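Here is the structure we will look at.
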Amino acid sequence: MTAARTFVVGDIHGCADELCRLLDALAPGAGDTLIFLGDYIDRGPSPKRVVDRLLQLAVEGPSCRFLKGNHEDMFLGFLGLRGAYGDAFLFNGGHSTLRSYGLESETARHCPERLPPEHLRFLTTLHAHTTHGDFLCVHAGIDPQLPLEQQRPEDLFWIREEFILAPHPLPFTVLFGHTPQAEVLFDLPYKIGLDTGLVYWNQLSCLELEARRLHQIRRGARTVTIRDCTAEFGRRQTHAVAAPTGTSEGQL
């Protein structure tokens, strides 16, 4: 009997081709779990196709947990639903999402009724965080000064340096996306950053937890590479990591 596997996938941002190729390579089965860290939409060419593929995956057999990213939250705010910073949605890549749904000529007020019902249901039922054993999965990170039950949505979806540059006291390794970097950030036992800037022509990263393996596909590539991360997990860093790379002022 094949052992169950757990995969945690970083930010996708409308890059459906790479998502599909990654999932084909992983070939998840009914006993496997896939956790997605949010930011499925905006900036990339095919946000609707990304959501279509995720919805299809959810009925193919594996257990799926879909987290909310700041871009989904902005989209919901733009739609007049429960979400923040809707006025920043278009400025931060939202035009590609509206284009993929054929909604560029629609006003925000009419967009919800034009979205496929299953897509709207997907967006409104995303989770803020989830735990898996010793791992806490969240889109952006956590406030290192607060216990888990007191974490604010603002930080779960938006925090950057205050979390990335500091250790935290929670009994979890935090798996997060949101802040794009050239390579996966390992700052164990505190955190692992899995946003490797796919939409910026870098790569999509997926961590297989039990096997300590990293599955990655570059933008425009057709093959997925696999790297053993046992050595990274074996290190127990106790100092703050260097400032993140790949970010720019005003990038959300």
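Computed from the coordinates by the stated procedures, all read-outs in this text should not be read as laboratory data. These numbers come from a predicted model, not from an experiment. All Cβ positions, even for glycine, are placed from backbone atoms using ideal geometry, and neighbour counts span all protein chains on display.
Sort 126-139, 80-93, 143-156 for me by packing, meaning the mean count of neighbouring Cβ atoms within 10 Å per residue, highest on top.
Put in order of decreasing packing, that is 126-139, 80-93, 143-156.
Using unit Cβ charges (K, R positive; D, E negative) and no other charged atoms, how large, in debye to the nearest 20, is the dipole of the chain about its Cα centre?
Using only the charged Cβ atoms, the result is roughly 460 debye.
Per 10 Å bin, what percent of the C-alpha pairs of the chain does each bin hold, from zero upward?
It works out to 7, 34, 37, 19, 3, 0, in whole percents.
Which of rounded, prolate, oblate describes segment 23-65, given a ≥ b ≥ c as roots of the alpha-carbon gyration tensor eigenvalues and a/c under 1.5 marking rounded, otherwise prolate only if a/b is larger than b/c?
Prolate.
Between the alpha-carbon centers of segment 194-234 and segment 120-147, tell me the distance in whole angstrom.
Going from one Cα centre to the other spans 20 Å.
Rounded to whole Hz and in sequence order, give me ³J(HN,Hα) for segment 209-222 from the Karplus expression 6.51 cos²θ - 1.76 cosθ + 1.60, θ = phi - 60°, writing x for Gly and Pro.
The phi angles translate into 5, 5, 8, 6, 10, 10, 9, 9, 9, 7, 4, x, 7, 10 Hz.
On a full-extension model of 0.36 nm per residue, what is the gain between A30 and R235, subtracting their alpha-carbon distance, rounded to one decimal in nm?
Gain in length upon complete extension: 70.6 nm.
What does the extension gain come out to for T125 and L103, with contour length at 0.36 nm per residue minus their alpha carbon separation?
Additional length available on full extension: 5.7 nm.
With springs only between Cα atoms under 10 Å apart, run a GNM on the chain and tell me which of S105, S46, S205 wobbles the most.
S105
If you project the alpha carbons of segment 5-153 onto the principal axes, what extent comes out on each, in Å, largest first?
So the extents along the principal axes, rounded to whole Å, are 44, 40, 22.
Of all DSSP beta bridges located in the chain, what percent are antiparallel, nearest 5?
55 percent
If each residue's Cβ is checked for other Cβ atoms within 10 Å, how do W158, W201 rank with the fewest at the top?
So the residues, fewest neighbours to most, are W201, W158.
Give the share of C-alpha pairs in each 5 angstrom bin for segment 84-201, from 0 to the last occupied bin, in whole percents, shortest bins first.
For segment 84-201, the pair-distance distribution reads 2, 10, 17, 20, 16, 14, 11, 7, 3, 0.
Taking amide H positions as placed in the peptide plane 1.01 Å from N, state which residues far from C229 in sequence (5 or more) or on other chains have amide H under 5 Å from it.
R213, L214
Amide H to amide H, which residues 5 or more places from L136 or on other chains are under 5 Å from it, using H placed in the peptide plane?
Answer set, sorted by chain and number: T173, V174, L175.
Considering the dipole of the chain built from charges on the beta carbon (Lys and Arg +1, Asp and Glu -1) around the Cα centre, which of H132, L26, I41 is farthest to its positive end?
Positive-end residue among those listed: L26.
If neighbour count is taken as other Cβ atoms inside 10 Å, put R65, R114 in order from fewest to most.
R114, R65
I'd like to know which of P153, A3, P116 lies farthest towards the positive end of the charge dipole of the chain, counting +1 on Cβ of Lys and Arg and -1 on Cβ of Asp and Glu.
Value: A3.
So if we plug the beta-carbon distance of L55 and A182 into 1/(1 + (r/R0)^6) with R0 = 35 Å, what FRET efficiency do we get, rounded to 0.05?
Here the calculated transfer efficiency is 0.65.
Most fluctuating residue of F36, F233, F78 in a GNM of the chain with Cα springs under 10 Å: which is it?
Sorting by GNM fluctuation, first place goes to F233.
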